[in-house]
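Novice: Pasting in a structure now, in structure tokens, and then I'll have a few things to ask.
The values are calculated or read from the model by the stated rules, or taken from the named source; none is laboratory data. Predicted model, so just to flag it, every value in this text is computed and none were measured. Note that each Cβ is placed from the backbone with ideal geometry, even for glycine, and that neighbours are counted across all protein chains shown. Heavy atoms of the whole protein, side chains included, go into the accessibility calculation; ligands, DNA and RNA do not. Shrake-Rupley method; radii C 1.70, N 1.55, O 1.52, S 1.80 Å.
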Amino acid sequence: MRLFDLADLPVRDLNQLLHNLTPETNDTRWRIVNPEGEHNIAVGVDANINIEIDGHAGYFCGGMNKLARISISGNAGQGVGENMMSGAIHVQGDASQSAGATGRGGLLVIEGNASARCGISMKGIDIVVKGEVGHLSAFMGQSGRLVVFGDAGEALGDSLYEAHLYVRGNVASLGADCVEKELRDEHRAELHTLLEQAGEAGKVDVSSFRRYGSARALYNFHVDNAGAY
Amino acid sequence: MCGIAGLFLKDRNLEPDLGGMLEAMTATLCSRGPDSAGFAIYGAGTPGFSKITLRVDVDNAEAVASFIAALGIPAQCIARDTHLVVTVPTTDVAWLRATLTEQLPGVTVVSEGQRLELYKEVGYPTDVAKRFGIGTMSGTHGISHTRMATESAVTTDGAHPFTTGADQCLVHNGSISNHSSLRRELRQDGIEIRTQNDSEVAAGYLTRAMRDGKTLGQALEASLSDLDGFYTFVVGTESGFGVLRDPIACKPAVMAETERYVAFASEYKSLTRLPGIAAARVWEPKPATVYFWER
């Protein structure tokens, strides 16, 4: 176990150590203490390691992550897991806005609430939020899955492409071109897998979720709209 | 960018530490706003008396204090760097302000109120706090701001907080698009707006609403439909402290509450300096929702 104390050394030093890791490294367990809301903790990691962050993280924690499994014991600031490629990030507390923004892969699990724009422009990431999400979540989501146990704020899935959205609570309103769709067996199976990964297998009934997706009326050119150009 | 810190104390035992706590919070926000800084402190007040905070040329502070002492009204002056806090009977405030405007044109009235003192200057926030001795001040609540200028120039007048009414102040992070037309409207309604700054217009808007009978909470509620732009506001009154984010909520905000205090900051980093923060309830204020605490 490698211990890194952010009270003693700056976050740049930490990230440099993490970037220097090779695929053969034996330093596969890291514990980071005294994060105190510092920004950019464990950004750009490309190594199959476990990182525990003991406390609250600032902006962009775990951004661009590849392979690493990152756990944050407190809250995460804006843009946690931004543009994540693979691996997993687990936030025990709440996440601020734009959690998982533009993420291309991997799994982001938030035990608490996520605020506005959760999964904005998601491109393949899977996000499981066990609390609520704020307004404009999954805005322009292209692919990947967003699962929300609680309520979703206004304009969910606005201008949505092909991301799959599952919400168990109330949706304040749907954004442009986002519609409710039938929850079929294939979607129940998809949800089951995601819930299993998020540690909730068997605890939550997959049929209690409602499915939302793109009506595909906005992003395809339609000849009837030719006059608008 | 810009950074905001706000602190509202519930536990009276913390009051001597208000300035120190606010200074420590503000120090973490320098990178968000290196251009200027300002501090509004709600300190002790005496019924029947008002405090006027004046901005003077630092070499001229003694002369201004002597001028006021010779006016024949009971006045007490405390000099802090470029600012002079003058305590006078509330009945003499209007006359004193008129006299100063007429006879000492280089002196600017920064704030007025029974308890509010307001300090702001161009410079790096930690330096500004030291110059005014913010860390030694006591009070019940306070608000600070670090500015990265966007809509108007880096000047002391453009620094936050803004006040346009007795014991009222506002700090702002964001940008208000309809400030020109609102400024015109407010001036016609008798609200004094001194700068080209959009945030001063927001402060004036709230002042007018409260003058016309609204509570601070109602005034903030009304601003949601009348102000066009993005903003996070933290406002103070003689006895209250409020927070409002616009419906889109672009600008960051985090709050913490314990039995001893309520705190607001642009970033969680600022809150780490507070006592008992590990056990505090920490949350992100919701968009278009008025949060308000009153003593």
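Novice: Just B:GLU257, B:GLU238, B:GLU62 to compare: in a GNM of chain B, with alpha carbon springs under 10 Å, which one fluctuates most?
Specialist: B:GLU62
Novice: Provide the percentage of antiparallel DSSP beta bridges, counting only those with both residues in the protein assembly as shown; round to the nearest 5.
Specialist: 65 percent
Novice: What does the extension gain come out to for B:GLN188 and B:ARG211, with contour length at 0.36 nm per residue minus their alpha carbon separation?
Specialist: 6.8 nm
Novice: While we're on this one: Got a sec? What order do A:LYS203, A:LYS66, B:LYS286 fall in by accessible area at 1.4 Å, biggest, i.e. largest, first?
Specialist: In descending accessible area the options line up as A:LYS203, B:LYS286, A:LYS66.
Novice: Same structure again: Using a 1.4 angstrom probe on the protein heavy atoms only, could you order B:VAL171, B:VAL58 from most to least accessible area?
Specialist: Solvent-accessible surface, decreasing: B:VAL58, B:VAL171.
Novice: With a point put 7 Å past each Cα toward its Cβ, work out how far B:ASP11 is from B:SER177 in nm, to one decimal.
Specialist: 4.5 nm
Novice: Mean-square fluctuation check for chain B, GNM, Cα pairs under 10 Å: which of B:LEU71, B:LEU118, B:LEU100 is largest?
Specialist: B:LEU71
Novice: Mind listing, in residue-number order, the residues in region B:260-283 that have at least 30 Å² less accessible area with every protein chain present than in their own chain alone (1.4 Å probe)?
Specialist: Checking the loss per residue gives B:GLU267, B:TYR268, B:LYS269, B:THR272, B:VAL282.
Novice: Counting only the heavy atoms of the protein chains, how much of B:CYS30 is accessible to a 1.4 Å probe, in Å² to the nearest 10?
Specialist: Its accessible surface works out to 10 Å², give or take rounding.
Novice: Once neighbouring chains are kept in place and the probe is 1.4 Å, which whole percent of the accessible area of chain A is contributed by carbon and sulfur?
Specialist: Using a 1.4 Å probe with all protein chains present, chain A comes out at 47 percent carbon and sulfur.
Novice: Can you pull out the buried accessible area for chains A and B, both sides counted, probe 1.4 Å, rounded to the nearest 100 Å²?
Specialist: 1100 Å²
Novice: How much accessible surface area, in Å² rounded to 10, belongs to the heavy atoms of A:TYR219 with a 1.4 Å probe?
Specialist: Only protein atoms counted, so the area is about 80 Å².
Novice: Shifting gears a bit: Which order do you get for B:VAL254, A:VAL179 if you rank them by accessible area with a 1.4 Å probe, largest at the top?
Specialist: From most exposed to least exposed: A:VAL179, B:VAL254.
Novice: Follow-up. Using a cut-off of 12 Å between alpha-carbon atoms, which aspartates and glutamates can reach A:LYS123, once sequence neighbours fewer than 8 places away in the same chain are excluded?
Specialist: Straight-line reach from A:LYS123, under 12 Å: A:GLU82, A:GLU162.
Novice: Here's a follow-up. Take each of the peptides A:191-198, A:81-88, B:102-109, average the number of other beta-carbon atoms within 10 Å over its residues, and list them starting from the highest.
Specialist: Averaged packing, sorted descending, gives the order A:81-88, A:191-198, B:102-109.
Novice: Per residue, how much accessible area does the protein assembly as shown have with a 1.4 Å probe, in Å²?
Specialist: Here the per-residue accessible area is 40 Å².
Novice: Which value at 222 nm does chain B reach when only helices count, each DSSP H run of 4 or more adding -39,500 (n - 2.57), with the total divided by all residues and rounded to the nearest 500 deg cm²/dmol?
Specialist: -7500 deg cm²/dmol
Novice: Using 10 Å bins from zero, what percent of all Cα-Cα pairs in chain A falls into each bin?
Specialist: Answer for chain A: a P(r) of 9, 34, 31, 17, 7, 1, 0 percent.
Novice: Now for a different question. At a probe radius of 1.4 Å, what is the per-residue accessible area of A:VAL223, in Å² to the nearest 10?
Specialist: We get 110 Å² for A:VAL223.
Novice: Another question, then. How many Cβ atoms of partner chains, on average, are near each residue of A:96-106 if near means within 10 Å of its Cβ?
Specialist: Neighbouring Cβ atoms belonging to other protein chains average 1 per residue here.
Novice: Which one of B:ALA44, B:ALA256, B:ALA149 has the biggest mean-square fluctuation once chain B is modelled by GNM with Cα springs under 10 Å?
Specialist: Result for chain B, Cα springs under 10 Å: B:ALA44 fluctuates most.
Novice: What are the ³J(HN,Hα) values, in whole Hz, obtained from phi via the Karplus relation 6.51 cos²θ - 1.76 cosθ + 1.60 with θ = phi - 60°, for each residue of region B:188-205 in sequence order, with x given for Gly and Pro?
Specialist: 4, 8, x, 8, 7, 10, 9, 10, 8, 7, 5, 5, 5, 5, 4, 4, x, 4
Novice: Using only atoms on other chains, find how many Cβ atoms lie within 10 Å of each Cβ of peptide A:52-61 and report the average.
Specialist: 2
Novice: Cα gyration tensor of region B:45-114, axes a ≥ b ≥ c as square roots of the eigenvalues: rounded (a/c below 1.5), prolate (a/b > b/c) or oblate?
Specialist: Note, shape of region B:45-114 comes out prolate.
Novice: So what does log10 I(q)/I(0) come out to for region B:234-295 at q = 0.13, 0.14, 0.19, 0.24 Å⁻¹, using the Debye formula with one equal point on every Cα and no solvent?
Specialist: Values returned for q = 0.13, 0.14, 0.19, 0.24 Å⁻¹ are -0.34, -0.40, -0.72, -1.07.
Novice: Can I ask one more? How big is the shadow of the Cα convex hull of chain B, averaged over all directions, in nm²?
Specialist: Projected area, direction-averaged: 13.9 nm².
Novice: Return the average number of partner chain Cβ atoms within 10 angstrom of each residue Cβ along peptide A:30-37.
Specialist: Rounded to a whole number, the mean comes out at 3.
Novice: Still on this structure: What's the long-distance tail for region B:7-155, i.e. % of Cα pairs beyond 26 Å?
Specialist: The answer is 28 percent, as a whole percent.
Novice: Let me ask another. Can you give the Kirkwood hydrodynamic radius of region A:132-219 from its Cα pairs, in Å with one decimal?
Specialist: Over region A:132-219, the inverse of the mean reciprocal pair distance is 12.8 Å.
Novice: Can you give the convex hull volume of the alpha carbon atoms of region A:188-229 per residue, in Å³?
Specialist: 101 Å³
Novice: Based on DSSP, what percent of beta bridges with both residues in chain A are antiparallel, to the nearest 5?
Specialist: 15 percent
Novice: Between A:VAL223 and A:LEU17, what is the spin-label point distance in nm, taking each point 7 Å from the Cα along the Cα→C-beta axis?
Specialist: 6.4 nm
Novice: Give me the mean projected area, in nm² to one decimal, of the convex hull enclosing the Cα positions of the protein assembly as shown.
Specialist: 28.5 nm²
Novice: Now, a different point. Could you look at chain B and say what percent of its accessible area is carbon and sulfur, using a 1.4 Å probe and all protein chains?
Specialist: Its accessible area is 50 percent carbon and sulfur atoms.
Novice: Relative contact order, percent, of chain B when contacts are C-alpha pairs under 8 Å separated by at least 6 residues?
Specialist: Relative contact order, chain B: 24 percent.
Novice: Here's a follow-up. Determine, from the Cβ-Cβ distance of B:THR90 and A:ALA172 and an R0 of 45 Å, the FRET efficiency 1/(1 + (r/R0)^6), rounded to the nearest 0.05.
Specialist: 0.40
Novice: Binning at 5 angstrom from zero up to the longest distance, how are the C-alpha pair distances of region A:1-112 distributed in percent?
Specialist: Result returned by the calculation: 3, 14, 27, 28, 19, 7, 1, 0.
Novice: How large is the helix-only mean residue ellipticity at 222 nm for chain A, computed as the sum of -39500 (n - 2.57) over DSSP H runs with n ≥ 4, divided by its residue count, in deg cm²/dmol to the nearest 500?
Specialist: -3000 deg cm²/dmol
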